[in-house]
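Working notes, beginning with the structure itself.
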Amino acid sequence: MRKRIVAGNWKMNKTYEEALTLVSEIDNMVKDEVTGDVTVIVAPPFPFLQSVGKLTQGNDLMHLAAQNVSEHESGAYTGEVSATMLKSVGAEYVIIGHSERRMYHHEDAQTLYKKLKATIAQGLKPIFCCGEPLEERDAENHFEYVGKQLHDSLSYLSNEEFDQVVVAYEPIWAIGTGRTASSQQAQEMHAYIREQLSRMFDAEAAFNTSILYGGSCNPGNAKELFSQEDVDGGLIGGASLKSRDFADIIKSF
Ligand code: PEP
């Protein structure tokens, strides 16, 4: 069964106090207002994971994600955080391959593959991000570009490993720009992604994979996006920093 998911990527925002306030506001709104079957995920910065995790642990509705993970298991890697560490503070998901990590931290397909392996080996679920820059869309090369991203990092996983993966399609030109992909653009890319996944893995696994849309998703456009057949939820940046907006997006299913 395909899970419906709304995940909030807080990026490098909020102080400790603000993070605790935000997560408890979201928790209250989700408890009071969300009736449908939706998995809600929050991805705070590393220093706040443990405290936010205290609220999400044992909470059926809310789940914890990290925004990044090391490809290494342990050892002399100053500044890095391992999947084992993330698991030990209650993380269940890890965002891997976000365009900001690819762009500013030069994470290539091989590194992302190692991060996927390290994450899955610890029983955590990767949220694997893909998406094309504007010039690839303008050149009508977006399907090929995204297909290669999927192939280059995911195709070496086994079917069992792939079962743990959530995919997020995030066109770079829509991230933080206020310019959203139309529901038709999102649907056609999500259907293409699912088809590519069915070639790499078994068809049932591809059918059951949640594929999230990310890129300027907000309470005004979420309903239309989430109503598309192959859009199983959203990875939300800016709008996940405001509890009211995030809760309204979750209620858009
Ligand atoms: C993101 O960076 O994952 C994202 C979707 O950001 P925003 O919602 O702000 O466009």
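The values are calculated or read from the model by the stated rules, or taken from the named source; none is laboratory data. What you see is a predicted model; the values in this text were computed from it and never measured. Every residue, glycine as well, gets a Cβ built from its backbone with ideal geometry; the counts of neighbours run over all protein chains shown. When the accessible area is computed, the model is the full protein with side chains, heavy atoms only, and any ligands, DNA or RNA have been set aside. Shrake-Rupley method; radii C 1.70, N 1.55, O 1.52, S 1.80 Å.
Numerical summary
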quantity	calculated
Residues satisfying the stated conditions in the range 177-209, i.e. within 16 Å of the ligand (Cβ to nearest atom) and assigned to a loop (DSSP other than H, G, I, E, B)	Thr177, Gly178, Arg179, Thr180, Ala181, Ser182
The range 143-168, residues that are part of a helix (DSSP H, G or I) and either under 15 Å from His98 (Cβ atoms) or in contact (Cβ under 8 Å) with a residue 40 or more places away in the chain (or both)	Phe143, Val146, Gly147, Gln149, Leu150, His151, Asp152, Ser153, Leu154, Asn159, Glu161, Phe162
Candidates His63, His105 - the one that is open to solvent by 10 Å² or more (accessible area, probe 1.4 Å), within 25 Å of Lys223 (Cβ to Cβ) and at pLDDT 95 or above	His63
The range 219-236, residues that are open to solvent by 20 Å² or more (accessible area, probe 1.4 Å), within 15 Å of the ligand (Cβ to nearest atom) and either in contact (Cβ under 8 Å) with a residue 12 or more places away in the chain or in contact with a helix residue (DSSP H, G or I) (Cβ under 8 Å, 6 or more places away or on another chain) (or both)	Pro219, Asn221
Subset of the range 145-155 [in contact with a helix residue (DSSP H, G or I) (Cβ under 8 Å, 6 or more places away or on another chain) and either within 20 Å of Ile172 (Cβ to Cβ) or loosely packed, with under 14 Cβ neighbours inside 10 Å (or both)]	Tyr145, Val146, Gly147, Gln149, Leu150, His151, Asp152, Ser153, Leu154
Residue in the range 181-204 that is nearest to Ser252 (Cα to Cα), counting only those that are open to solvent by less than 10 Å² (accessible area, probe 1.4 Å) and at pLDDT 95 or above	Ala186
Selected residue [assigned to a loop (DSSP other than H, G, I, E, B), open to solvent by less than 40 Å² (accessible area, probe 1.4 Å) and not polar (S, T, N, Q)] from Ala76, Ala91, Ala7, Ala19	Ala91
In the range 23-58, the residues that are assigned to a helix (DSSP H, G or I), farther than 20 Å from Ser88 by Cα and out of contact with any Gly (no Cβ under 9 Å at 6 or more places or on another chain)	Ser24, Glu25, Asp27, Asn28, Met29, Val30, Lys31, Asp32, Glu33
Which listed residue is within 16 Å of the ligand (Cβ to nearest atom) and within 18 Å of the chain's Cα centre (by Cα), from Leu150, Leu212, Leu154	Leu212
Residues of the range 122-142 satisfying the condition of being open to solvent by 10 Å² or more (accessible area, probe 1.4 Å) and touching a residue at least 12 places away in the same chain (Cβ under 8 Å)	Gln122, Gly123, Lys125, Pro133, Leu134, Arg137, His142
Scan of the range 32-45 for residues that are closer than 24 Å to Arg2 by Cβ and either among the acidic types (Asp, Glu) or open to solvent by 10 Å² or more (accessible area, probe 1.4 Å) (or both), ordered by number	Glu33, Val34, Thr35, Gly36, Asp37, Val38, Thr39
Residue within the range 222-230 that is within 26 Å of Lys14 (Cα to Cα) and over 15 Å from the mean Cα position of the chain (by Cα) present	yes
